[in-house]
Amino acid sequence: MSHLQYHSYPGFGEYIRNILNYSQAVRIGDRIHISGQGGWDPETHKVPADLGAEIDQAFANVQLALTDAGGKGWSQVYEVRVFTTEVKNEVAVGKLVENLKKWMPDHKPILTCVGVSELALEGMRVEIEVVAHDVKGEGA
């Protein structure tokens, strides 16, 4: 599929592309789809023990993946999927809502939140996948 533009940001994105053979984002015309972003530190690859810090970092990693693919970031996101082992945890849900408001103060995307028993990386409790619309000329 040579017409698709794949992107993997420096650090964890490049590492996982080489180890597991997948990219962090793909641009299809005016849309950017990103793979699930966890709360890992992009340089150390470690997931914070603190759930709030993990959620904050997952949102920051979404921003990183989107801008690495040439988009503006969260301002262009219209679809969000959250996979979490903490779907019934009120603190986690509150932190997710806090980040949605912080990163998208001017719009409310569609959202699906799915409870799962576990995620791929050891200790990971949240993973966020988004789709963004990047109208030509509006990118970074």
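Scanning the range 55-111 for residues that are under 16 Å from Gln37 (Cβ atoms), open to solvent by 50 Å² or more (accessible area, probe 1.4 Å) and aromatic (Phe, Trp, Tyr) yields Phe83, Trp103.
Within the range 119-133, the set of residues being out of contact with any helix residue (DSSP H, G or I) (no Cβ under 6 Å at 6 or more places or on another chain) and either at pLDDT below 95 or aliphatic (A, V, I, L, M) (or both) comprises Leu119, Ala120, Leu121, Glu122, Gly123, Met124, Val131.
With the structure loaded, tell me whether Lys136 is over 28 Å from Ile19 (Cβ atoms), modelled with pLDDT under 95 and loosely packed, with under 14 Cβ neighbours inside 10 Å or whether it fails that test. Yes. Taken over the range 28-54, the criterion of being outside any loop (DSSP other than H, G, I, E, B) and open to solvent by 30 Å² or more (accessible area, probe 1.4 Å) is satisfied by Ile28, Arg31, His33, Ala53. Note on the range 64-95: residues that are assigned to a helix (DSSP H, G or I), under 21 Å from Ala25 (Cβ atoms) and in contact with an Asp or Glu (Cβ under 9 Å, 6 or more places away or on another chain) amount to 3.
Can you tell me which residues in the range 112-127 are among the hydrophobic types (A, V, I, L, M, F, W, C) and either open to solvent by less than 40 Å² (accessible area, probe 1.4 Å) or in contact with a Pro (Cβ under 9 Å, 6 or more places away or on another chain) (or both)? Within the range 112-127, Leu119, Met124, Val126 meet the criteria.
The values are calculated or read from the model by the stated rules, or taken from the named source; none is laboratory data. In this text, all values refer to a predicted model and were calculated from it rather than measured experimentally. Every residue, glycine among them, receives a Cβ derived from its backbone with ideal geometry; neighbour counts consider all protein chains shown. For the accessible areas, the whole protein counts, side chains as well, though only heavy atoms, and no ligand, DNA or RNA atoms are used. Shrake-Rupley method; radii C 1.70, N 1.55, O 1.52, S 1.80 Å.
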